[in-house]
Amino acid sequence: MDANSPSVSSTSSSSSTVTVQSQASTESAQETSHSGSRHPASLRSSSQPATLRNAAFNEISDGTWTYCIDTPNPAPSVKGFGNVPIASYEEIEAMGDRKLKVCTVTWNINEKGAKVLNHLAQKIRDRNDEMDSDIFFISLQEIPTTAPTFHEDARRILEPLLHGHRLYLSHRAWSQMVIVFIRHKHIRYAIQPQPLFIPSGTVAKPVRTKGAIGVCLRLYQRFIVLIGCHLSHATPQLRVQDYTKIVRELCFTQLAKFHGTQKGQIFASDVVIWTGDLNFRVTAENSVNWNDVEKLREKDYDDVLETEELANHKSKEAAFSKFNEPPLRFPPTHKYEPDTDIYVPKRIPSFTDRVLYWMKNSEWLQPIKYDCMRGASPSDHKAVFATFWLTVINKPVPERYRTQKSLENGNSIKDSQKSLENGNSSDK
C-alpha cells in the first residue's frame, strides 16, 4: 500500500492490541522475571507491529539469544502491512526529502571481552558528525564463547551512546551478533523484525562461528534486509559456498507474505545491506606502503582492489555479483598486531571487512561515507563503517495538500489578526 494513500487497511486497528509472541520478540513482564530459565521459541504473526513490553533477552537455543524491544502505537491511525501506521502527509512533509540515514558498522573483535566495545563506542563518539543516523546496524564477529552475557553487556555499553534511539533488535548466534537501533520517532512505523541465522556448515560451530545473521524489517514503505556475516577463512571456494548457501537459505516469511510467494529470499526485499568479515584476501604481492596513508594514491587502491579475491569472484559472477560497494579509500583492515597500528609481518594486508549493498531501485539507496576506524585497535581487525541515504517514502506529498495547508495557515493568520483588532477596539 502506498504510504500516501488514505485507504484503510484490511487489518483493523483493534487487532494491534493483541499480543502475540515470536522468537524475535521479548518475553512478557511476567516471564522476564524468570530470566534465568530458558524460554522456548514461539511463533508470532508477521502481521503484527511491535508493542511495548518489559524486555529481556530470550534464550531461544544453545548459544542463541534474541532481544527485541517493542514500541507503542498510541494514536489511532490508518494501518498498512504488518498493522503498522501509515505516515500522514504532515509527517511525510516533516521528513523533507523522504529519506533516512543508515549507518552500518562491522567489527571482528578477535575473541575479546565485552569491554572492547568501549573502544568502538569511543570511535563512534569521535566520528558522531559522520555516523549519526536514523538506523544504526552493528555486526560483530568472534565473540568469545566464554562470555555468556556478552549480548547484555553490549547493550549496556552501546545503548547510552545513541541518544534518541531505541534498541530495536539484538540477535546473538554463538560468536556472531547483530544489533539494530532506530531513532525513537521512527520505530512505530516498523513491523516486527525477523532475524534468521544461517550457519556455514550443517551445524554451527560455537567458536568463531561461520555463517550469517539476517534481519528483515519494513520501515515506512521500504523492506530492508540487513546481513552480518563471517565467511570461511579457509579457502576462496569455501567462502563462495558460504555466500551461495546464505543467499539460498536466508528466507523471510514477512517477504513471502507481502509478495504472496512461497519463498521470501533476500532479493524480494527493496534494499539489502550486507556487512561483515567476508575474509576475501589480497593474494598478489604489492609494493604499496599502507602505513603511510597520506601518500596513498587512487591508483594504489585501484590496482590492489582490481585483483583481490572479492573482485575476481564478482567478475566471474560466483559471489556478490549483484552487489555494489561504496568507493573504498581506506587501508586494509586485517591483519594487525592487537593494540597497535602495525600490520603483522609476512602477511599481505587484506580488505576482509566490507560493506556491500543491493537495491531494487537505484534511487532508493545512496552511499555517503565508507571508512575504517583509524588508529590502533585492540583487535587484529579494524572496524569498518558505511553510511547511506535510504528513501523510505515513494512519493512526495501532493501539491494539493501543500496548497490546502497554505490556505489554512493564511486563514488562521487572518483570523488571529482580526481577533487582535477586535480586542484593541474593545479596549478603547
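The values are calculated or read from the model by the stated rules, or taken from the named source; none is laboratory data. None of the values given here were measured: they were computed from a predicted structure. For neighbour counting, all protein chains shown are included, and Cβ atoms are generated from backbone atoms with ideal geometry for every residue, glycine included. We work out accessible area using only protein heavy atoms, side chains counted, and drop any ligands, DNA or RNA first. Shrake-Rupley method; radii C 1.70, N 1.55, O 1.52, S 1.80 Å.
Of all residues in segment 186-230, which are of a type in the set (A, V, I, L, M), closer than 23 Å to residue 240 by Cα and modelled with pLDDT of 95 or more? Those that are of a type in the set (A, V, I, L, M), closer than 23 Å to residue 240 by Cα and modelled with pLDDT of 95 or more: 196, 198, 212, 213, 215, 225, 226, 227.
In segment 314-328, the residues that are touching a residue at least 60 places away in the same chain (Cβ under 8 Å) and on the phi > 0 side of the Ramachandran plot reach residues that are open to solvent by less than 50 Å² (accessible area, probe 1.4 Å) and outside any loop (DSSP other than H, G, I, E, B) with C-beta atoms within less than 8 angstrom, at least six apart or across chains, in these pairs: 320/243; 320/274; 320/310; 320/313; 320/356. When residue 406 is tested against (1) at pLDDT 95 or above; (2) not in a loop (DSSP other than H, G, I, E, B), only condition (1) is not met. Scan segment 179-197 and tell me whether some residue there is part of a loop (DSSP other than H, G, I, E, B) and within 19 Å of residue 103 (Cα to Cα). Taking every residue of segment 179-197 in turn, at least one turns out to be part of a loop (DSSP other than H, G, I, E, B) and within 19 Å of residue 103 (Cα to Cα).
Helices (runs of 4 or more DSSP H) wholly in segment 206-318 with at least 1 residues that are within 30 Å of residue 87 (Cβ to Cβ) - which ones?
It comes to 253-259.
Checking 322, 360, 316 one by one, the residue that is under 25 Å from residue 92 (Cα atoms) and surrounded by fewer than 16 Cβ atoms within 10 Å (Cβ to Cβ) is 360 and no other. Take the conditions (1) touching a helix residue (DSSP H, G or I) at 6+ places or on another chain (Cβ under 7 Å); (2) open to solvent by less than 10 Å² (accessible area, probe 1.4 Å); (3) part of a strand (DSSP E or B); residue 166 misses just one of them, which is (2). Among the residues of segment 77-88, not a single one is touching a Lys or Arg at 6+ places or on another chain (Cβ under 9 Å), in contact (Cβ under 8 Å) with a residue 40 or more places away in the chain, assigned to a loop (DSSP other than H, G, I, E, B) and at positive phi. Picking from residues in segment 146-159 that are within 11 Å of residue 179 (Cβ to Cβ) and of a type in the set (A, V, I, L, M, F, W, C), the one that is most open to solvent (accessible area, probe 1.4 Å) is 157. For residue 213, are the conditions met, namely being within 25 Å of residue 386 (Cβ to Cβ) and open to solvent by 10 Å² or more (accessible area, probe 1.4 Å)? It is false that residue 213 is within 25 Å of residue 386 (Cβ to Cβ) and open to solvent by 10 Å² or more (accessible area, probe 1.4 Å). Out of 201, 164, one residue alone is of a type in the set (Gly, Ala, Ser), under 22 Å from residue 68 (Cβ atoms) and without any contact (Cβ under 8 Å) to a residue 40 or more places away in the chain. It is 164.
With the requirement that a residue be under 14 Å from residue 215 (Cα atoms) and not aliphatic (A, V, I, L, M), what does segment 170-192 give you? Spell out how you get there, then give the answer.
Start the filter on segment 170-192 by keeping residues that are under 14 Å from residue 215 (Cα atoms), which leaves 170-173, 176-182, 190-192.
Once the filter is applied, which keeps residues that are under 14 Å from residue 215 (Cα atoms) and not aliphatic (A, V, I, L, M), segment 170-192 yields 170, 171, 172, 176, 181, 192.
Quick check, is residue 382 of a type in the set (D, E, K, R), closer than 22 Å to residue 267 by Cα and at pLDDT 95 or above? Answer is no for this residue. Taken over segment 99-110, the criterion of being surrounded by fewer than 23 Cβ atoms within 10 Å (Cβ to Cβ) and not hydrophobic (A, V, I, L, M, F, W, C) is satisfied by 99, 101, 110.
Condition check ((1) under 29 Å from residue 233 (Cβ atoms); (2) at pLDDT 95 or above; (3) open to solvent by 20 Å² or more (accessible area, probe 1.4 Å); (4) among the polar types (S, T, N, Q)) across all residues:
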| residue | (1), (2), (3), (4) |
| --- | --- |
| 97 | no, no, yes, no |
| 112 | yes, yes, yes, no |
| 115 | yes, yes, yes, no |
| 119 | yes, yes, yes, no |
| 122 | yes, yes, yes, yes |
| 131 | yes, yes, no, no |
| 139 | yes, yes, no, yes |
| 144 | yes, no, no, no |
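The set of residues in segment 369-396 that are open to solvent by less than 10 Å² (accessible area, probe 1.4 Å) and farther than 17 Å from residue 350 by Cα comprises 386, 387, 388, 390, 392, 393.
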